[in-house]
Every structure is written in C-alpha cells, then in structure tokens.
Amino acid sequence: MNYIDLFAGAGGLSEGFIREGFSPIAHVEMDEAACYTLKTRAAYHFLKSEKKFDIYKKYLKNEITRDELYKKIPTEILNSVINLPIGGENNPKIHKEIEKQLNNREVDLIIGGPPCQAYSLVGRARRKDGMKGDPRNYLYVQYAKYLEKYQPKMFVFENVLGLKSAGSGIYLYNMEKLFDKKGYNMKLFTVEANNFGVLQNRRRVIILGWQKEINIDLPDLEAIRCNTKHTVSELLNDLPSIQAGEGVDKFVSYGKPSIAYLNNAGIRNGIDILTQHVARPHTVQDKEIYRIAVEQLHRGERLNYPSLPKRLKTHNNQHSFFDRFKVVDANAEYSQTIVAHIAKDGHYYIHPDIKQNRSLTVREAARLQSFPDDFYFEGVKEGKNRTAAFKQIGNAVPPLMAQSIAATIIELI
C-alpha cells in the first residue's frame, strides 16, 4: 500500500503507517527543519531494511555527520521529502517531484492534516479577528486538489477539535461538500490519544474518506480502547537524572533496563543509545517556582499563579492562564497535551522529580508523544535543533495512535 503524506511535519502520522507496512511515496512539508527530520527518518528505515543499521547508530553516536549519513542513502529516497509549501505556484513543482517517485505505482492513500492554528480554539482566542481571512483556513481546498489528481482509495485527515466549530462549522461543512464533489465520502471521528496507549491527554479530529464506489464498513475509531493502564512515571524513570542545563544531545546510555510498556509501545526498541536528553537552562526564579509547583503536586494540589509570592510574579496578566506553570504528574495515566508552545519555554511541562528541578527534555516530550527513542529530530543546522525539535514534537501526531489507525485502514483497502 503506497501513500503520500501532505503537511507531513516531523512524520509522526507517517511513522505509524510505515509500522503497519505502508510504503511512503513522498512527504510534502514546508518547514525546513522538519524536512531534515523526515530525511533522517527515511535514512533510518532504509538502513534498517538493508541490514546496515550500524551506519545509523554511528550517526546517533556522533561518529559521522548528517551529510556523511545522507551520502549512504540513495538520492531518490532523500528526494522523496519535498520541502515546499502546498498551493499556488508550488503545486506543479510538487507534482513533478511526486511523479519521479511514483514509478508507475498507484497512490492507495493520502494522509496528513493542514496546520491547525487557523482552527484551534487558542489560536482564535489570541487573534482579534478570530483567524477570519487566514489563508490556512482554506488549505483543505489544496488537500482536495491532491485527492482529485491522485485518486487514492482512501484518505486520512487529522486536525484539532476546533475544526468542528471554526467559522461556526462552515469550514467543515464546505470541506465535506468539496470532498463529495471530488468523489469521496467522509466520516469524522473525535479521538483521544490515551485510548491508543499514548500516555498523553490529546484529543484530535480524524476524518476518514473513501471513494464513493468503494463499499466499506468503517471501523469506529472512537470505540478503540487500550486494554492496559500505565503511568507517566513508566515513561520517564529509566532516563538519566539531569539538572537544568545538563545532558548530551547525542549518545547517552540509559543506565537502567527497559520495562514492558516501553518495549510494547516501541519506545525502547533494542538499541542502547539515547539522544536529545538535554535539559534547558533555567533562571533561579523559574527553578524556585518549579520547586513550589512540584511540592504542591505532591500534596495533591496544582499551582495557581496568582498565589505565588509577589517577588516571583512577573506576568501582568493575573486574570487568566492560572496554570501557566504546570508539573507533569508522574502518577497520572497520561500527561497534559504537548503543544508547540513547548518550543518557547518549558513552564507548562515541569519534570515531576523535584531533585532534577527542570522542564522536560526533547526526549521526554517525544516519549509523551510515543515517538521511539531512535527517532532523531533535526534542526536546519546540524546540532542546532532543540527549539525546532520541540516545535515538531508539539505539532506531531503520536505514532502509536497513527499505527492503530493504519492497522484498521489496511484491512479495509
């Protein structure tokens, strides 16, 4: 089964489909750093299939550079990552690159979801115009053009819950009408990542679409439930203890054995190499707030920003965002939602261990999104990637959730 991934991001959705045996024809993404991440992951999959995995290990250990890694990969695989914005004058260029990758293959599936800022409730609240007129509101029109050109049997469209209410529902209504015009039925599901074994509270919209002439019995994605319960501590406890500003970007050994959840979720998947476990540096003031927040959580309370001592309060807004400092609860079955704002600061993602007194590392955030530890998040410049990595992780689809969706689809088509 072959697919094209539109608005691919770092490839979380794609990772789940690859695990279920789907084969990517192309990934289309406008963010340059995310495209390097996609290329590095494509290198991973190629080297693993060719039994040359030691080359990838050398990269994770910092024994070879990114350029040296890419020289080991066929050009056509790296070129399958298309770094262009979808729409307008770029579409012919994208189609030309996709045609090079097709080699007379059919496109069985199109996956992906346009950037969600235009539909998100938070995004609308922050803008005076409520995102009206934002061109990202209409990227579904571009999505439909790709459906029309490549005629996949099905499509998977992922987005935020706000899609249902944006423009009082007019965008979703027009989307359904447009997809119908292009020859596709669609059904919308509201799913929760923790029901798929992801240890994170993340609610999303998944739209499944299929050609009208295909008679299929759609599964109920909302009825999927993970049979086992775990806690966030199971995600974090095997990682080395580090302080604010400490850690190593490449090649840190774990120091502790793996456990069942990490193995079953594919997070610890056989290599004893840990990367991107680096903690942000924090000010003395922030670390004092973090300590108060963790102590309150241990008492079963959450920090309320206005209750902080006056000397620790620097925000003028005392009437909203009371939980702007929030600890990741180690004893909970899932964490708060990982969002792209984590790229700006870690205040909403404080590590639960008061002895470490810091915010989450890239690797810890990636684990909460169910990314495997051998998944490396790139920046535009090699090694300059923490902010870019956090942004990619916050915008991603959890691979574990994507894998469950892929498993249901492959049975249908």
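Key figures
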quantity	calculated
Among residues of region 252-269, those that are out of contact with any strand residue (DSSP E or B) (no Cβ under 7 Å at 6 or more places or on another chain), over 18 Å from Lys229 (Cα atoms) and loosely packed, with under 12 Cβ neighbours inside 10 Å, counted	3
Test for Glu295: is it surrounded by 14 or more Cβ atoms within 10 Å (Cβ to Cβ), at pLDDT 95 or above, among the acidic types (Asp, Glu) and more than 30 Å from Tyr3 (Cβ to Cβ)	no
Test: Val339 is modelled with pLDDT of 90 or more, under 16 Å from Ala244 (Cα atoms), under 23 Å from the mean Cα position of the chain (by Cα) and not acidic (Asp, Glu)	no
Criterion (buried (at least 20 other Cβ atoms within 10 Å of the Cβ) and charged (D, E, K, R)) met by exactly one of Asp5, Asp54	Asp5
Residue satisfying condition, being within 28 Å of Ala407 (Cβ to Cβ) and modelled with pLDDT under 95, within set Lys164, Lys132, Lys149	Lys164
Residues satisfying the stated conditions in region 47-58, i.e. without any contact (Cβ under 8 Å) to a residue 40 or more places away in the chain and either in contact with a Lys or Arg (Cβ under 8 Å, 6 or more places away or on another chain) or among the polar types (S, T, N, Q) (or both)	Leu47, Ser49, Lys52, Ile55
Helices (runs of 4 or more DSSP H) wholly inside region 216-318 that include at least 2 residues being more than 27 Å from the chain's Cα centre (by Cα) and closer than 25 Å to Ile354 by Cβ	284-298
Boolean, Ile86 is under 23 Å from Glu148 (Cβ atoms) and either touching a Cys at 6+ places or on another chain (Cβ under 7 Å) or aliphatic (A, V, I, L, M) (or both)	yes
So Asp329, is it outside any loop (DSSP other than H, G, I, E, B), touching a residue at least 40 places away in the same chain (Cβ under 8 Å) and crowded, with 16+ Cβ neighbours inside 10 Å	no
Selected residue [modelled with pLDDT of 95 or more, assigned to a helix (DSSP H, G or I) and surrounded by 17 or more Cβ atoms within 10 Å (Cβ to Cβ)] from Phe179, Phe189	Phe179
Helices (runs of 4 or more DSSP H) wholly inside region 348-413 that include at least 3 residues being surrounded by fewer than 21 Cβ atoms within 10 Å (Cβ to Cβ) and within 16 Å of the chain's Cα centre (by Cα)	386-395
Matching residues, region 152-163, being touching a Lys or Arg at 6+ places or on another chain (Cβ under 9 Å) and either closer than 13 Å to Gly112 by Cβ or touching a residue at least 60 places away in the same chain (Cβ under 8 Å) (or both)	Glu158, Asn159
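Let's see how each residue does on (1) under 30 Å from Ser404 (Cα atoms); (2) in contact with a His (Cβ under 6 Å, 6 or more places away or on another chain); (3) polar (S, T, N, Q):
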{"site": "Lys256", "(1), (2), (3)": "yes, no, no"}
{"site": "Ala260", "(1), (2), (3)": "yes, no, no"}
{"site": "Asn263", "(1), (2), (3)": "yes, no, yes"}
{"site": "Ile292", "(1), (2), (3)": "no, no, no"}
{"site": "Glu301", "(1), (2), (3)": "no, no, no"}
{"site": "Leu308", "(1), (2), (3)": "no, no, no"}
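Let's see how each residue does on (1) buried (at least 16 other Cβ atoms within 10 Å of the Cβ); (2) without any contact (Cβ under 8 Å) to a residue 12 or more places away in the chain; (3) in a helix (DSSP H, G or I); (4) touching a strand residue (DSSP E or B) at 6+ places or on another chain (Cβ under 6 Å):
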site: Gly16; (1), (2), (3), (4): yes, no, yes, no
site: Ile25; (1), (2), (3), (4): yes, no, no, yes
site: Leu78; (1), (2), (3), (4): yes, no, yes, no
site: Ile98; (1), (2), (3), (4): yes, no, yes, yes
site: Gln101; (1), (2), (3), (4): yes, no, yes, yes
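The values are calculated or read from the model by the stated rules, or taken from the named source; none is laboratory data. As the structure is a computational prediction, the values presented were derived from the model and not from experiment. Every residue, glycine among them, receives a Cβ derived from its backbone with ideal geometry; neighbour counts consider all protein chains shown.
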